[in-house]
Amino acid sequence: MTDTPRRPVAIVTGAARGIGAATALRLAQDGLRVAVLDLEEAAAKSTADAIGESAIAVGADVSDAAEVEAAVARVTEELGAPTVLVNNAGITRDNLLFKMAESDWDAVLGVHLKGAFLMTRAVQKHMVDAGWGRIVNLSSTSALGNRGQANYATAKAGVQGFTKTLAIELGRFGITANCVAPGFIVSDMTKATAARIGVPWDQYVHDRAAAIPVRRAGQVEDIANAVSFFVDDRAGFVSGQVIYVAGGPRN
Ligand code: NAP
């Protein structure tokens, strides 16, 4: 069994806010050094500052290959070689299929799918060199199908296939790859959904929670906890899995 690198370096994408910020904070509490990556470095800095010395803020668009390569090189130089990657950055461009613009399809697949591919391709060499690595990709219950989200559901289902393939290809190097698939989580993303369909936020949370078996909305920390489990050294025999963190099987 290969030992975990001392104080591994993690990159969490889309970590300026929401699930990514909570995950960055949680991994730092677990003892990791964390690169907080988001589109705008200034936005990422608030999360990095909340963590303290063991974090840096990095600005990059995960769907841009050159920016991804430069960001990973910077993390390696300033924090150390990354051996933990959380592909969390995400966007929604919801619409019913007949009204969905080609640009909305491309944008969503570009961030979730191409972004996860580019980030993982750039980071995997450091994991292979270390003989140890953890990749955690954010999927969603929408992967099972969701009205108005043909682009997003496709991307989130694709993330699961991507993850299982990473598990098969990279397992021999001590690297695991798993998915966390959240259900309804309180975040800016779900606030935007409520606004788009014209339902007051409190009403939206109430209605969604009523349909969830554990009768509450998910919090960003619920997802951070699941990511933390997959990153832990003790989860080294768990790979290629999808864990739905949804207060039930699929809400
Ligand atoms: P969020 O609050 O909207 O945060 C997403 C973050 O990703 C933002 O900081 C955003 O930056 C960043 N981002 C967007 N495009 C990017 C790009 N090209 N490169 C780098 N960063 C980028 O979303 P969230 O609710 O925390 O969701 C996090 C992940 O969980 C996503 O993958 C989402 O699909 C998934 N998820 C969420 C829920 C939920 O209920 N919230 C459920 C299932 C799955 P900007 O602010 O600059 O746009």
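The values are calculated or read from the model by the stated rules, or taken from the named source; none is laboratory data. All values reported here derive from a predicted model rather than from experimental measurement. With ideal geometry, Cβ positions are generated from the backbone for all residues, glycine too; neighbour counts draw on all protein chains shown. These area figures cover heavy atoms from the full protein model, side chains too; ligands, DNA and RNA do not enter into them. Shrake-Rupley method; radii C 1.70, N 1.55, O 1.52, S 1.80 Å.
Examine region 58-67 for a residue that is modelled with pLDDT of 95 or more, within 12 Å of the ligand (Cβ to nearest atom), open to solvent by less than 20 Å² (accessible area, probe 1.4 Å) and over 28 Å from residue 153 (Cβ atoms), and state whether such a residue exists.
yes
So which of 171, 240, 158 is assigned to a helix (DSSP H, G or I), touching a Ser or Thr at 6+ places or on another chain (Cβ under 8 Å) and either at positive phi or surrounded by fewer than 20 Cβ atoms within 10 Å (Cβ to Cβ) (or both)?
Step by step, each of 171, 240, 158 is checked, and only 171 is assigned to a helix (DSSP H, G or I), touching a Ser or Thr at 6+ places or on another chain (Cβ under 8 Å) and either at positive phi or surrounded by fewer than 20 Cβ atoms within 10 Å (Cβ to Cβ) (or both).
Which one is surrounded by the most Cβ atoms within 10 Å (Cβ to Cβ) among residues in region 176-192 that are assigned to a helix (DSSP H, G or I) and near the ligand (Cβ under 8 Å from one of its atoms)?
Among those residues, the one meeting the criterion is 190.
If the requirement is being in the same structural domain as residue 121 (by TED's automatic domain parsing), in contact with a Lys or Arg (Cβ under 6 Å, 6 or more places away or on another chain) and open to solvent by less than 60 Å² (accessible area, probe 1.4 Å), which of these qualifies: 224, 150, 209?
224
Only one of 17, 93, 33, 74 is touching a Gly at 6+ places or on another chain (Cβ under 9 Å) and open to solvent by 10 Å² or more (accessible area, probe 1.4 Å). Can you tell me which?
Result: 33 is the single residue among 17, 93, 33, 74 that is touching a Gly at 6+ places or on another chain (Cβ under 9 Å) and open to solvent by 10 Å² or more (accessible area, probe 1.4 Å).
Assuming residue 26 fulfils every condition listed in (1) over 20 Å from residue 126 (Cβ atoms); (2) part of a loop (DSSP other than H, G, I, E, B) apart from one, which condition is it?
Status for residue 26: all satisfied but (2).
For residue 87, state whether it is in contact (Cβ under 8 Å) with a residue 40 or more places away in the chain and open to solvent by 30 Å² or more (accessible area, probe 1.4 Å).
For residue 87, the condition - in contact (Cβ under 8 Å) with a residue 40 or more places away in the chain and open to solvent by 30 Å² or more (accessible area, probe 1.4 Å) - is not met.
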